[in-house]
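Engineer: Have a look at this one before I ask anything.
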Amino acid sequence: MHRGETAVASKVFIIDGSAFIYRAFHAVAPLTNSRGFQTNAVFGFVNILRRLFNEQKPDYVAVAFDTRGPVFRHDLYKPYKANRPAMPEELAAQIPFIKQIVKAMGIVSFEKQELEADDIIGSVARTLSAQDLSVVIVSGDKDLLQLVDDRVCMWDPMSDRVMDREGVFRKFQVYPEQLLDCYALIGDSSDNVPGVPGIGPKSAAKLITQFGSLDLLYAGVDSLKKSKMKERLIENRDNAFLSRELIRLKADPDVPQHLEEYKLGIPDEPALKEIYSELEFSSLLKELDSGVEVPSDGFSLITTDEQLEALGKRLSTATILAIDTETTSLNVRAAELVGISLAVDRQSCCYIPLGHRDENGALATGQCSLAQVKALLVPYLVSADVWKIGHNVKYDYAVLEKNMAVSLAGPLADTMIAAHLAEPLRRSFKLDDLCLDQGLKMTSYAQVTDGDKREDAFAYVPVEKAAAYSCEDVYGTLVLWEYYQGLLEKNGQMSLFAEVEMALLPILAGMERIGIMVDEKRLDRLAEEFEGKLGLLEKKIYALVGHEFNINSPQQLGTILFEELELPHGRKTKTGYSTDMRVLEKLAVKHELPDLIIQYRNLAKLLSTYIEKLKQLIDPESRRIHTSYNQAVTATGRLSSSNPNLQNIPIRGEEGNRIREAFVPAPGKIFLSADYSQIDLRVLAHYSQDPALIEAFRNGDDIHTRTAAEIFGVSPLLITSDMRRAAKSINFGIVYGMSSFGLANQLKISRKEAQTFIDRYFGIYAGVKQYMHDIVAAARTDGFVSTLLNRRRYLPEIDAANKMRREFAERAAINTPIQGTAADIIKLAMLRVNDLLRRESSGCKMLLQIHDELVFELSRDECERVRQSIKEEMEQAMRLDVPLVVNMGTGNSLAK
């Protein structure tokens, strides 16, 4: 929290607390801590306070909250706010934390029985402005604009808009002192304030301007011309005056009268730290003076031959070696070494500078040579007796391979992946955030580079400053390893960590280095073709509508669909009508335009997300695309791919498949694809021990055809493609906890018919139903579920009061052991196949892992030699009670 000395002493900020609690809850995407407690309203509210402190630097500030229960307005009008839904449980549970934070920040807060926050804000504003003090109402509530005058304004930090007297006039065409009478006519549907039906802001402003006030309007209402509006005014006279009393702000004489009573107090940082820690707000914790500085007594800078020799002696007896590289780029292929930090224990952390530069860009003096360092370190980097510890080790692995031509070998330990295995619900696995939880306050990259935005900024950091920062990294890494090693051993996960995840790391680094070729000319042709198709679709859409508009604007599209064409629509929000894909798909059966919009959006996404993006990501040297594989992202343990996401290459539709055609093998090579057949269902058969499922897979039956035959009660020979498709949807849907509602939508059948299919499925595969019951019960008892290799997923919301969140946790309990075990199997397969290719000195290269599929690049002759061996290794990756089956295929592109 920063407070400057430029604050205007007489300016008081009064915050509409309850309004911002609601706005934060709906504006911030749902966040939860590791125990499943929702925290988005607290986080959003605190960020509003932080913005106030950082931008306005107030000395005087207060927060007003609504009281719980009825207020005096309910005595005037019982239906007041009757239309409002009850406060969501997830929001109500967060309010105590918000109030604790307000108190810990030293902010005065008010909450009065039978009064709303607006009444308190009005009382404070009137009391202080009467003393010639400036008051800023921090809110976006239009009802509070009636308070604006020469000394009172309103600031909405979420839209960054300030409303003064002239601003109110520009918006409403009346000044603030006339707003209450306007509001009396307009009413407020959200608060169930009746007003006069049919009178909106423009009509109200015109009437109040013409007559001067509500009282004078009704005194002269007979002078109005005969009209529907005149009739409504006369019929709703009582409602208009009632509405004015409901919107009028009640004075509270008990609010503090003196400026000093609004003085911002000294923050209680220990209390804030405790709250932020419980809610797991890592970024907010960093802003507090929390954690201890990393002890630097054992830090050293190595620049001489003597120091290198001494380091060699320490390394000769080491059993663990923490390592971190500093480079000129996050892009491994462009990264040049700037320095290396090492530690064999917490008492001996050192930094070896290699590529620091002076202000002119010339190599700085007093650094070690790469040849010297390589000669010293390589024996230990490849030693089978030394654990290499790091955070995001795959990056350091690739950097050392590129810059020193050495591949880290022997046992590896990545503290980022260890943290993800042991505490998978964490939101952040960054080194700084993990260390902060261990009580260590790390120096940030922005601090050490003084905010330098150049990609190679670290190369210009003074050597001594860089040494202190880099030694902190290896020190923190050792602290994390000591902590997470114990957790992994306690949870029985060391085998999964060391023998699967760490063993896989070099393989993934190799796949990233190799990359995959794309046909650039084909991408250019596709771009030209897709742009042409988009142009034709534009013309069709404009011709159908009768005029041009911005097709990419949901607001303009909503106006056309629902106002011009008068198609059925859902509820209109502040931002307009919803025009998402689900809405368009429903409307497509009623009009041609929605279908054209769907085609346009799909084509535009393929062009921008894939074709144009892929062209930008082609490496200038290798002419290949190099993705990054992530082991610490998904809850189920599946690998994810980024920059670009090669696991999300379009597979459906003609256009999507044509993009896949652009991924091609090197000249003279072909692709070999090895894809597990129905692996999720096979794992389900193993877990459920359902006799019918096990028999089907052991007999080699087509499981979808068999399920269709059972559900529809006909011979497998009579199964149609539609029947098999329905069975396939049920088979896979059951694994993901699909409801009858979801199945009905997917198959476009009635919900009753969908439920009949599901009931028949469970009648056939009763063991699956029992598995689903048992795994959810186990999750409630243990708080987590696990895969066959003991990968855990914690489910803190398995007993949540909120039905939607509880059912999501139940679905996760059912499908995580299935998906997670399937993810473990493909990883084991990669290890086995990699060993196979190394044993046979094969020229076959593993390029991609796409969910349950591995893609290899090899010569046609080599393919004949290793194809069957790869299939056998993958099918033996894990022993289940049903056989694993791998389908093999070859081709000259990734097209299906």
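Engineer: Just how large is the dipole of the chain about the Cα centre, in debye to the nearest 20, putting +1 at every Lys and Arg Cβ and -1 at every Asp and Glu Cβ?
Structural biologist: 2680 debye
Engineer: Now, a different point. From the P(r) of region 33-185, can you give the percent of Cα pairs sitting at distances over 19 Å?
Structural biologist: It works out to 62 percent of all Cα pairs.
Engineer: Working only with C-alpha atoms, what are the Rg and Dmax values of region 1-121, expressed in angstrom?
Structural biologist: Just the Cα atoms of region 1-121 yield Rg and Dmax of 15.8, 49 Å.
Engineer: Next up: Compute the distance from the alpha-carbon center of region 102-167 to that of region 453-527, in whole Å.
Structural biologist: A separation of 50 Å, based on Cα centres.
Engineer: Still on this structure: Cut-off under 23 Å on the C-alpha distance; same-chain residues fewer than 8 positions from residue 263 excluded. Which lysines are left, in chain and number order?
Structural biologist: Once the sequence-local lysines are set aside, what remains near residue 263 is 11, 57, 99, 103, 112, 273.
Engineer: While we're here: What number in nm² do you get for region 462-512 if you take the convex hull of its Cα atoms and divide its surface by four?
Structural biologist: Directional mean of the projected Cα hull area for region 462-512 stands at 5.0 nm².
Engineer: Sorting check: for 594-601, 364-371, which peptide has the highest mean count of neighbouring beta carbons within 10 Å, and how do the rest follow?
Structural biologist: The most tightly packed comes first, giving 594-601, 364-371.
Engineer: Using a 1.4 angstrom probe with every protein chain in place, what is the largest-first accessible-area order of 326, 566?
Structural biologist: Greatest to least solvent exposure: 566, 326.
Engineer: Now a separate question. Provide, for q = 0.06, 0.09 Å⁻¹, the log10 of I(q)/I(0) from a solvent-free Debye sum over equal Cα point scatterers in the chain.
Structural biologist: -0.58, -1.21
Engineer: Another question, if that's okay. Which GluC sites (Glu not before Pro) in region 798-896 pass both tests, a DSSP loop state and at most 16 other beta-carbon atoms within 10 Å?
Structural biologist: In loop regions of region 798-896 (DSSP not H, G, I, E or B), the sparsely surrounded GluC sites (Glu not before Pro) are 840.
Engineer: Then there is this: For an R0 of 25 angstrom, estimate the FRET efficiency from the Cβ-Cβ distance between residue 762 and residue 896 and round to the nearest 0.05.
Structural biologist: 0.15
Engineer: By the scheme Lys and Arg +1, Asp and Glu -1, what is the net charge of all other residues having a beta-carbon under 14 Å from that of residue 611?
Structural biologist: Spelling it out: positives minus negatives among the neighbours equals 0.
Engineer: Give the residues of region 179-205 whose amide nitrogen is closer than 20 Å to a point set 7 Å from the Cα of residue 221 in the direction of its Cβ.
Structural biologist: 179-189, 193-205
Engineer: Can you tell me how much longer the chain between residue 407 and residue 231 gets when fully stretched, taken as 0.36 nm per residue apart minus their C-alpha distance, in nm with one decimal?
Structural biologist: Value of the extension gain: 54.7 nm.
Engineer: Moving on to the next point. Using alpha carbon centroids, what distance separates region 582-654 and region 211-288, in Å?
Structural biologist: Each part reduced to its Cα centre gives a spacing of 46 Å.
Engineer: Within region 631-666, list the residues whose amide N lies under 19 Å from a label point set 7 Å along Cα→Cβ of residue 536.
Structural biologist: Answer for this model: 653-659.
Engineer: Using alpha carbons only, how many angstrom separate the centre of region 828-896 from the centre of region 675-721?
Structural biologist: Using only Cα atoms to place each centre, the spacing works out to 25 Å.
Engineer: So if each residue of separation counts as 0.36 nm, and I subtract the Cα-Cα distance between residue 721 and residue 565, what length gain in nm does that give?
Structural biologist: My answer for the length gained is 52.5 nm.
Engineer: So if we plug the beta-carbon distance of residue 876 and residue 113 into 1/(1 + (r/R0)^6) with R0 = 45 Å, what FRET efficiency do we get, rounded to 0.05?
Structural biologist: On the way: r = 72 Å, r/R0 = 1.59.
Using R0 = 45 Å, I get an efficiency of 0.05.
Engineer: Given the C-alpha atoms of region 73-153, compute the convex hull and give its volume per residue in Å³.
Structural biologist: So the per-residue hull volume is 135 Å³.
Engineer: In Å, what Rg and Dmax follow from the Cα atoms of region 479-561?
Structural biologist: 26.6, 69
Engineer: At a Förster distance of 45 Å, what's the computed FRET efficiency of residue 151 paired with residue 465, Cβ-Cβ distance as r, to 0.05?
Structural biologist: It comes out at approximately 0.35.
The values are calculated or read from the model by the stated rules, or taken from the named source; none is laboratory data. Please read all numbers here as calculations on a predicted model, not as lab measurements. Neighbour counts run over all protein chains shown; Cβ positions are idealised from the backbone, glycine included. These area figures cover heavy atoms from the full protein model, side chains too; ligands, DNA and RNA do not enter into them. Shrake-Rupley method; radii C 1.70, N 1.55, O 1.52, S 1.80 Å.
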